[in-house]
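Engineer: Before anything else, here's the structure in question.
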Amino acid sequence: MQLQRTLSRSNKSDFLVEFVQTVSGLLLVGFLWTHMIFIAAILLGVAAFNKLAQFMDQYGLLDLAVAFIILVAGAHVGAVLRRIPSRLDEQKIVWKHAKIIKHSDTWSWLFQAVTGSAMLILIVIHVVIVVYNGINAHLSAGRVHSWMLVFYLVFLFLAEYHASVGLYRSLVKWGVVKRHNLKRVLSVVTVCTIGLGVVSLGIFYSLGASL
């Protein structure tokens, strides 16, 4: 089966899949960081967060964001599924080779595939909750001040890890920047964005405790 795929492989289709995966991944990373800035508006106070939420609702930006996620994430998942092994025996071979090679980039690709699968589920849950319940500081605080605090913490760490590794692999793959320099920069960005997310969740949690 694998030999047949190799012999019948089309360079044009491979390039198209790679291009779709890269562009959709970059768009999703940009959306993630923009979303983090929106969440961090709570650092400026409840009024500032609610004003931004009202602005989004007034101009239909929430619906636009949901449509964007569905289309771009769908394209990204479709492209990724063309790249990862679908059969169990092939997946076992990949894990076996990763253990033999013991290369950090190989393991990061494997963990990215795992976190991507988890992210797909978390994104669907998050979108459904936001669409049906709406957005404002008190609604968000009520969700965070519950079992969903764990949900959002897991979501935060998985999203930032997946985005960081994906951005690293895309830029290295296309020869945009040097590998080692990029790792340092992305490590700093990841730590900063996770820190910003944790602080924002802490504020929402404190606000929820006072409700």
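The values are calculated or read from the model by the stated rules, or taken from the named source; none is laboratory data. Given the structure is predicted, the values throughout are model-derived calculations rather than measurements. Please note: Cβ atoms are built from the backbone with ideal geometry, for glycine as well, and neighbour counts cover all protein chains shown.
Engineer: Under 7 Å between Cβ atoms, at least 6 apart or on separate chains: pull out the pairs that start in the range 129-144 with a residue that is under 13 Å from Gly45 (Cα atoms) and end on any residue that is in a loop (DSSP other than H, G, I, E, B) and modelled with pLDDT under 90.
Structural biologist: Short answer, once both residue conditions are applied: His138/Leu211; Ala141/Leu211.
Engineer: While we're on this one: In contact (Cβ under 8 Å) with a residue 12 or more places away in the chain and out of contact with any Phe, Trp or Tyr (no Cβ under 7 Å at 6 or more places or on another chain) - does that describe any residue in the range 175-186?
Structural biologist: Taking every residue of the range 175-186 in turn, none turns out to be in contact (Cβ under 8 Å) with a residue 12 or more places away in the chain and out of contact with any Phe, Trp or Tyr (no Cβ under 7 Å at 6 or more places or on another chain).
Engineer: Among the helices (runs of 4 or more DSSP H) lying completely within the range 118-211, list those that include at least 1 residues that are at pLDDT below 90 and within 27 Å of Val77 (Cα to Cα).
Structural biologist: Qualifying helices (runs of 4 or more DSSP H): 148-173, 179-209.
Engineer: Just one of the numbered conditions (1) within 23 Å of Phe68 (Cα to Cα); (2) surrounded by 18 or more Cβ atoms within 10 Å (Cβ to Cβ); (3) among the aliphatic types (A, V, I, L, M) is not true of Ala141; which one?
Structural biologist: Looking at each condition in turn, Ala141 falls short on (1).
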